[in-house]
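**Student:** Supplied in structure tokens, the structure appears directly below.
The values are calculated or read from the model by the stated rules, or taken from the named source; none is laboratory data. Owing to the predicted nature of the structure, the values given are computational and were not obtained by experimental measurement. Virtual Cβ from ideal backbone geometry, glycine too; neighbours counted across all protein chains shown. Note: accessible area is taken over every heavy atom of the protein model, side chains too, but ligands, DNA and RNA are not part of it. Shrake-Rupley method; radii C 1.70, N 1.55, O 1.52, S 1.80 Å.
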Amino acid sequence: MPAAIKAIGLGVASLAFMIAGTMLGPRPAVAQTSFLNVSYDPTRELYRAINQKFEEETRPQGKKINIRMSHGGSGSQARAVIDGLDADVVTLALAADIDEIARRTNRIPSDWQKRLPNNSAPYTSTIVFLVRKGNPKGIRDWDDLIKPGIQVITPNPKTSGGARWNYLAAYAYGVERRGGDQQAQAFVAQIFKNAPVLDTGARGSTNTFARRGIGDVLLAWENEAFLALDELGADKFEIVVPSISILAEPPVTLVDGNVDRKGTRAIAQAYLEFLYSPTAQAVIAKHYYRPMKPDAAAPQDVARFPDIKLVTIDQFFGGWDEAQRKHFADGGIFDAILKSNR
Amino acid sequence: MSEAPKPHRPTTEARWVRVTTTLVSLVFLGLFLVLPLIAVFVEAFRSGVGAYFASFQDPDALAAIRLTLMVAAIAVPLNLVFGIAASWAIAKFHFKGKSLLITLIDLPFSVSPVVAGLVFILLFGAQGLLGPWLRAHDVEIIFALPGIVLATVFVTFPFVARELIPLMQDQGTADEEAALSLGASGFKAFWTVTLPNVRWALLYGVLLCNARAMGEFGAVAVVSGHIRGETNTMPLHVEILYNEYNFVAAFAVASLLALLALLTLAAKSFLEWRYGDAIAARAAH
């Protein structure tokens, strides 16, 4: 046999050997129940902690549970579930993305948001500003974002849930302080004019701002801003709380069509209910999400959340269905803004 | 009888032109290739050797390495077989639609990998052409190993064939005809004549194919589903670690990918140095 063919054969054989080697590692002897939680971008640390607690709680009942996680921009995650990603539960950034799954697949009933307490949001958050230490550009409120020469970092509302909350918070400020819808639209357009890049997800934007040093202010989930201080240095950044922001409600739900097919409904339901338990609520506050039941959390964790005037999507924007249609759908206000800024 | 041509240098440009062009390309290479490569290793070892190797004990990192090796181990042999078959057919036979076939083989080079991934979603996704049937029969393709392999095969499709076709065409069919006239069967002629003739180019193509298969990001990202420890290949895992502020681990896994690339490069240079003549026949591309 020619040497080269021998070499190729050897290469393939050694590759196969390597794979066999990695696969023969210790395997769990107990049969596992496993389910998949498809979540949005900044919840990685939160769900790692919650999953660990859930596994601890269910272990005495003799169950070994393997919770699989998938993270990404909320919109693209919803798209993946629509395209067949086998999620048992979805924990996304906003109701509109779950509505989208319900509408396009029939795997989630349309009244899903009424199935769990607090609009199916076990935790809430809001939108704050992250600026560089010492606030060199003197950014105090939304008005400062439209000043010439200020670079605003936000992800793209088309793909990112956090970005849609950013947009709506700015819009609410525009309506409240500038007099109406038209003024608000012009105001938001000016903010996006100051945005040099639009990442697809919240974490991408945080990295753009914090690691790559681009921009003067990052519009971020409150939890994401706190985490950035923790991970990347409280000596490098500081949080600025605007005068008005939005109550962001990231909801959770079962994907009925998938759990019934796989027979995982009971465990997935228990997992979602666990999110409302005192144990999970304490973990939630610890990871800088605002717990639905602050009493269950450590007081010093709850004390970290600043008081902000928060508008809600239901009262201010008539619910996600309408907000989505009016602002973010193709041909909506956001598209018009991008077009006019071009 | 004409005079023998005088030996002269192949280029007549002035010395400063040659020096400048060489310098420019060296600086360019250093800036865009060597520097980033060094940066990867510097970042990976930032917290010491211990932290570097600890990164590889994380089960998710191991799962990503395992998945990447598995995908390459399936995709590369598939493209090896396909590449030999296609180039053999194209170089040794005449048939209608030959140029169309060559164009099709080149398609993955010109299609964006993301589009390639989306095509598979359109075909096999739940809303796609075959999605409902697959779901009814409990066959998982997208967001599982088969989808990742498909995307990788698509992207690495041309590497082996592109390497072999020009060489085989150059060699013509004379050797095979001789073998056949001496009574060899078609298969024997292929095995003892055609294949040995192209062996080094073949190995070269396989190396390139393997490097791309392990490093592919775009197409795989679309069909992966990003399930931790399950459908994340090494390049995807690097992105995840980076996004989780786990920079040392991110660059450690990245350095492993870079090492693979360097090994490939070394093997390729060795082949070129040792068997340059055999490979030289391939057309530039």
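**Student:** What list of ³J(HN,Hα) couplings, whole Hz, do you get for the range A:291-298 from phi and the Karplus terms 6.51, -1.76, 1.60, once you set θ to phi - 60° and write x for glycine and proline?
**Tutor:** Those phi angles translate into x, 5, 10, x, 4, 6, 8, 5 Hz.
**Student:** Follow-up. Between helix A:3-23 and chain A, what is the angle of the helix's C-alpha long axis to the longest principal axis, kept within 0 to 90° and rounded to the nearest 10?
**Tutor:** The angle comes out near 80 degrees.
**Student:** Turning to a different aspect of this structure: Can you give me the angle between helix A:181-193 and the longest principal axis of chain A, using Cα atoms only, in degrees from 0 to 90, rounded to the nearest 10?
**Tutor:** Compared with the principal axis, the helix lies near 60 degrees.
**Student:** If you place +1 on the Cβ of every Lys and Arg, -1 on the Cβ of every Asp and Glu, and leave all else neutral, what size is the dipole of the range B:48-283 about its Cα centre, to the nearest 20 Debye? List each step's numbers first, then the result.
**Tutor:** On the way: 13 positive and 16 negative charges, 84 e Å.
Magnitude of the dipole: close to 400 debye.
**Student:** Take every residue in peptide B:121-132, count the Cβ atoms of other chains within 10 Å of its Cβ, and give the average of those counts. Mind showing how you got there, number by number?
**Tutor:** Numbers: counts 4, 1, 0, 2, 6, 11, 6, 2, 0, 0, 2, 1.
That works out to 3 on average.
**Student:** Oh, and also: For the protein assembly as shown, what is the calculated [θ] at 222 nm in deg cm²/dmol (nearest 500), taking -39500 (n - 2.57) for each run of four or more DSSP H residues and dividing by its residue count?
**Tutor:** -18000 deg cm²/dmol
**Student:** Residue-wise, which Karplus ³J(HN,Hα) couplings in Hz belong to the range B:130-137, taking 6.51 cos²θ - 1.76 cosθ + 1.60, θ = phi - 60°, and x for glycine or proline?
**Tutor:** 9, x, x, 5, 4, 5, 4, 9
**Student:** Relative to the longest principal Cα axis of chain A, at what angle does helix A:161-178 sit, 0 to 90 degrees, rounded to 10?
**Tutor:** Result, in degrees: 10.
**Student:** Starting from the Cα of A:K262, draw a straight line to each of the aspartates and glutamates and keep only those under 12 Å, dropping any in the same chain fewer than 8 residues away.
**Tutor:** The reachable aspartates and glutamates, counting only those whose Cα sits under 12 Å from A:K262, are A:D86, A:D88, B:D138.
**Student:** Summing Lys, Arg as +1 and Asp, Glu as -1, what charge do residues with Cβ under 14 Å from the Cβ of A:E55 carry, A:E55 excluded? The partial results should precede the final answer.
**Tutor:** Details: positive: A:R48, A:K53, A:R59, A:K63, A:K64, A:R68; negative: A:E56, A:E57.
Spelling it out: positives minus negatives among the neighbours equals +4.
**Student:** A follow-up question, please. What relative contact order, as a whole-number percentage, does chain A give when Cα pairs under 8 Å and 6 or more residues apart are counted?
**Tutor:** On the way: 582 pairs, mean separation 74.6, N = 342.
After rounding, I find 22 percent.
**Student:** Taking each residue in B:221-232, count the Cβ atoms of any other chain within 10 Å of its Cβ, then average. What number comes out? Could the numbers behind the result be given before it?
**Tutor:** Working: counts 2, 3, 2, 4, 13, 9, 10, 8, 3, 5, 3, 1.
Per residue, the number of nearby Cβ atoms from other chains is 5 on average.
**Student:** Quick one: which of A:K64/A:K158; A:K137/A:K339; A:K133/A:K309; A:K64/A:K236; A:K147/A:K293 span more than 31 angstrom between C-alpha atoms? Present the calculation step by step, with values, prior to reporting the outcome.
**Tutor:** Numbers: A:K64/A:K158 38 Å; A:K137/A:K339 28 Å; A:K133/A:K309 24 Å; A:K64/A:K236 42 Å; A:K147/A:K293 39 Å.
Those over the limit are A:K64/A:K158; A:K64/A:K236; A:K147/A:K293.
**Student:** What does the accessible area per residue of the protein assembly as shown come to in Å², with a 1.4 Å probe and no ligands, DNA or RNA counted?
**Tutor:** Values: 29160 Å² over 627 residues.
Ligands and nucleic acids excluded, the result is 47 Å² per residue.
**Student:** Something else: Amide H of A:D199 versus every other amide H placed in the peptide plane: which residues, excluding those fewer than 5 positions away on the same chain, fall under 5 Å?
**Tutor:** So A:D199 has HN proximity to A:T154, A:N156.
**Student:** Then there is this: What number results when the radius of gyration of the protein assembly as shown, computed over Cα atoms, is divided by 2.2 N^0.38 Å?
**Tutor:** 1.13
**Student:** Same structure, new question: Mind grabbing the interface size between A and B? I mean buried accessible area, both sides, 1.4 Å probe, in Å² to the nearest hundred. Please report the intermediate quantities before stating the final value.
**Tutor:** Working: alone 15660 and 16840 Å², together 29160 Å².
Using a 1.4 Å probe on protein heavy atoms, the buried area is about 3400 Å².
**Student:** Name the residues whose placed amide hydrogens come within less than 5 Å of the amide hydrogen of A:N66, ignoring near sequence neighbours (fewer than 5 apart) on the same chain.
**Tutor:** Here the answer is A:T33, A:S34, A:F35, since their amide H atoms fall under 5 Å of that of A:N66.
**Student:** Please give me the summed charge of the neighbours of A:F334: other residues whose Cβ is under 10 Å from its Cβ, Lys and Arg +1, Asp and Glu -1.
**Tutor:** On the way: positive: A:K158, A:R164, A:K326, A:K339; negative: A:D330, A:D335.
Computed value for this residue: +2.
**Student:** List the residues, sorted by chain then number, that are 5 or more residues from A:F237 or on another chain and whose placed amide H is less than 5 Å from its amide H.
**Tutor:** Hits under the 5 Å cutoff: A:K133.
**Student:** If you don't mind, there's one more thing I want to ask. On the full set of protein chains, 1.4 Å probe, figure out the accessible area of A:L227 and give it in Å² to the nearest 10.
**Tutor:** 20
**Student:** Could you check how much of the accessible area of the protein assembly as shown is carbon and sulfur, as a whole percent, using a 1.4 Å probe? Spell out each step's value before the answer.
**Tutor:** On the way: 17880 of 29160 Å².
Within the protein assembly as shown, the accessible surface is 61 percent carbon and sulfur.
**Student:** Calculate one ³J(HN,Hα) per residue across the range B:150-164 by plugging θ = phi - 60° into the Karplus curve 6.51 cos²θ - 1.76 cosθ + 1.60, and present them in order as whole Hz with x for glycine and proline.
**Tutor:** My calculation for the range B:150-164 gives 4, 4, 5, 4, 4, 5, 9, 3, x, 4, 5, 4, 4, 6, 7 Hz in order.
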